[in-house]
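This structure is in structure tokens; I'll ask about it shortly.
The values are calculated or read from the model by the stated rules, or taken from the named source; none is laboratory data. Just so it is clear, the model here is predicted, and its values are computed rather than measured. Heads up, the Cβs are rebuilt from the backbone with ideal geometry, glycines too, and the neighbour counts pull from every protein chain shown.
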């Protein structure tokens, strides 16, 4: 169980999640400081550690559209944030799987900031509103990467197998 | 059952007789492109090899392209240091398709790849840039991936777990009216599809308008398919493709061309009558917020940007120069021009376009991504409105979340620079060839020698 700490609308671009002017910063260890940098209040709450790891961002359709910058996924992973969205843009979805960002596709999601959310049995449960919503599984084709803990360990396994 | 362009390419790259939508394949990669974010790819690549006892060597250094364009020349010591790390990696790995910050061979990745003949029809191309969709203009399956995905490609030479995408067929017929350009076609299409309408799908372009369109215009269309969420755009290769590859890109060996099967299955078909199109404007802050120029009339603009991987090609600069010749950029407008590559810059110099634009009051910058992503070279002030031929108008683009970016064609941008407000270019163009049908002005021009050397 964890709280919704940020509620967003449709078509949230990676420019909003990680503004272009910080793109020279690339390392996953350094990107979290610029997460939602233009949302000054939310960025400050992150930096002041007012947001518990495991908290949820809830968004509408097409979350992560636009630029392929992977910083947009790694900056959220760094704070332990999870994302529930009605659906995700392709590159962001794949980047998130690759770097281990936890996300949930939930087309009917209804939640507001402060709501308590629990995810279990393929459902998002909004405990505050007393409502439950079905989720859509992540692409089956990528399950092996998720199971391996991300694309780096998965590829490592493959090159070791390949060169034996 | 027949196959679409992308199904055929994926089947070939995966060594299969045929593939269906939804099949999972691991296609071999023919070209893997990165820019400054190569610094992150290098970091992830080295991490893959950590603890394996194996040497971190890329699978094929001749199939990797690295082009500096996002922050050139470096805007900060951090970028400069990243670029230096990439140069060292390029040298150590023997990567040959490397374009540094140079006036003889540099430019934006999505222009450098086609103009150097790196992309051929039927190839599988991946790039750590969402606008890698551009190269579908040459009949390749070309799509954007993240840095970690690219690190995996560098190690393995294939993309893991690719789901064969469904295809949307877009048929464009009719002659574009004067003052209406390929950019207006794609903005109109994105408005119809919405920002997520093609998510996980490919857009395949057909119709007589496309057949008559030069490769430069096809690059505009494919470039922006990602703004409707598409994995890629693609144009079945034809005689124009072959001419471009031979004359412009210096390609000697043209691969066997193929088309989609006549009975290929499409998820959706969209028809566009180009003759009925008007100039289009994408209003802030989403690219699908598209309206005809008439609805934007009179909106005051503080900055005009002509350039980018979408619209910084020679015919775009020619259009701008034709409209601005003998006229002046409005006093309260800053007009910035970014040619898409140095080859284009040289040609625009020779053709006199640069002279015309500078005399009109434009500032012509060095080729590169410029202010499009908001890092440097033309950030907006609070409250500013920019009108740009670039591809994104998201909040925070051009460096300021308190500013607004409107998107349009080069003709609309040039016309609006004169008046200082969003202006229908048809009111200013006396006599012009529709931009979608310009005779390629580059075919007789020899490639600059320096750009040719050691680049194949």
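Residues to consider are B:193, B:189; find the one that is buried (at least 21 other Cβ atoms within 10 Å of the Cβ), within 14 Å of chain A (Cβ to nearest Cβ), more than 17 Å from residue B:144 (Cβ to Cβ) and touching a helix residue (DSSP H, G or I) at 6+ places or on another chain (Cβ under 8 Å).
Only one candidate qualifies: B:193.
Being more than 10 Å from chain A (Cβ to nearest Cβ) and closer than 22 Å to residue A:66 by Cβ is the filter here; which residues of the range B:141-158 pass it?
Hits for the range B:141-158 are B:141, B:142.
Scan the range B:211-241 residue by residue and report those that are closer than 30 Å to residue A:63 by Cβ and without any contact (Cβ under 8 Å) to a residue 40 or more places away in the chain.
B:229, the sole residue that qualifies.
Listed here are the residues, each with its yes/no results for (1) out of contact with any helix residue (DSSP H, G or I) (no Cβ under 6 Å at 6 or more places or on another chain); (2) in the same structural domain as residue B:416 (by TED's automatic domain parsing); (3) surrounded by 24 or more Cβ atoms within 10 Å (Cβ to Cβ).
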{"residue": "B:287", "(1), (2), (3)": "no, yes, yes"}
{"residue": "B:299", "(1), (2), (3)": "yes, yes, no"}
{"residue": "B:304", "(1), (2), (3)": "no, yes, yes"}
{"residue": "B:309", "(1), (2), (3)": "no, yes, yes"}
{"residue": "B:325", "(1), (2), (3)": "no, yes, no"}
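Follow-up question, since we're still on this one. Taking the options B:83, B:111, name whichever one is touching a residue at least 24 places away in the same chain (Cβ under 8 Å) and more than 14 Å from chain A (Cβ to nearest Cβ). First the steps, then the outcome.
Working: B:83 fails: more than 14 Å from chain A (Cβ to nearest Cβ).
The unique qualifying residue is B:111.
I would also like to ask the following. Report whether or not residue B:381 is within 19 Å of residue B:429 (Cβ to Cβ) and surrounded by fewer than 21 Cβ atoms within 10 Å (Cβ to Cβ).
Numbers: within 19 Å of residue B:429 (Cβ to Cβ): no; surrounded by fewer than 21 Cβ atoms within 10 Å (Cβ to Cβ): yes.
In short, no.
Right, something else. Being more than 9 Å from chain B (Cβ to nearest Cβ) and either part of a helix (DSSP H, G or I) or surrounded by 17 or more Cβ atoms within 10 Å (Cβ to Cβ) (or both) is the filter here, so list the residues in the range A:144-164 that pass it. Walk me through it before giving the result.
Applying the first criterion (more than 9 Å from chain B (Cβ to nearest Cβ)) to the range A:144-164 yields A:146-149, A:157, A:161, A:164.
Selection gives A:146, A:147, A:148, A:157, A:161.
Then there's this: In the range B:30-57, what residues are in contact with a strand residue (DSSP E or B) (Cβ under 8 Å, 6 or more places away or on another chain) and either without any contact (Cβ under 8 Å) to a residue 12 or more places away in the chain or surrounded by 22 or more Cβ atoms within 10 Å (Cβ to Cβ) (or both)? I'd like the intermediate steps shown before the answer.
First pass over the range B:30-57, keeping only residues in contact with a strand residue (DSSP E or B) (Cβ under 8 Å, 6 or more places away or on another chain): B:30-35, B:38, B:41.
Across the range B:30-57, the qualifying residues are B:31, B:32, B:33, B:34, B:35, B:38, B:41.
Going residue by residue through the range B:12-22, is there one that turns out to be within 18 Å of residue B:153 (Cβ to Cβ) and touching a strand residue (DSSP E or B) at 6+ places or on another chain (Cβ under 7 Å)?
yes
For the range A:1-79, please list each of the helices (runs of 4 or more DSSP H) lying entirely inside it that holds at least 3 residues being at the interface with chain B (Cβ under 10 Å from one of its Cβ atoms) and at pLDDT 95 or above.
Details: elements: A:14-17, A:40-47, A:71-77.
Output list reads A:14-17, A:71-77.
So residue B:330 fits all but one of (1) more than 24 Å from the chain's Cα centre (by Cα); (2) buried (at least 21 other Cβ atoms within 10 Å of the Cβ); what number is the exception?
(2)
Can you pull out the residues in the range B:163-178 that are over 23 Å from the mean Cα position of the chain (by Cα) and part of a strand (DSSP E or B)?
Listed by number, the list holds a single entry, B:163.
Let me ask something else about it. Filter the range A:81-91 down to residues that are in a loop (DSSP other than H, G, I, E, B) and over 9 Å from the mean Cα position of the chain (by Cα), then give me how many there are.
Step one: list which residues in the range A:81-91 are in a loop (DSSP other than H, G, I, E, B), which gives A:81, A:86-87, A:89.
Filter once more, keeping what is over 9 Å from the mean Cα position of the chain (by Cα): A:86-87, A:89.
So the answer is 3.
Collect the residues in the range B:224-252 that are in a helix (DSSP H, G or I) and closer than 18 Å to residue A:64 by Cα, keeping them in residue-number order. Don't jump to the end; show me each part of the working.
Applying the first criterion (in a helix (DSSP H, G or I)) to the range B:224-252 yields B:224-228, B:239-248.
If the condition is that a residue be in a helix (DSSP H, G or I) and closer than 18 Å to residue A:64 by Cα, then B:224, B:225, B:226, B:227, B:228 are the ones that fit.
Among the numbered conditions (1) more than 7 Å from chain A (Cβ to nearest Cβ); (2) over 24 Å from residue A:98 (Cβ atoms), tell me where residue B:76 comes up short.
Of (1) more than 7 Å from chain A (Cβ to nearest Cβ); (2) over 24 Å from residue A:98 (Cβ atoms), only one is false for residue B:76: (1).
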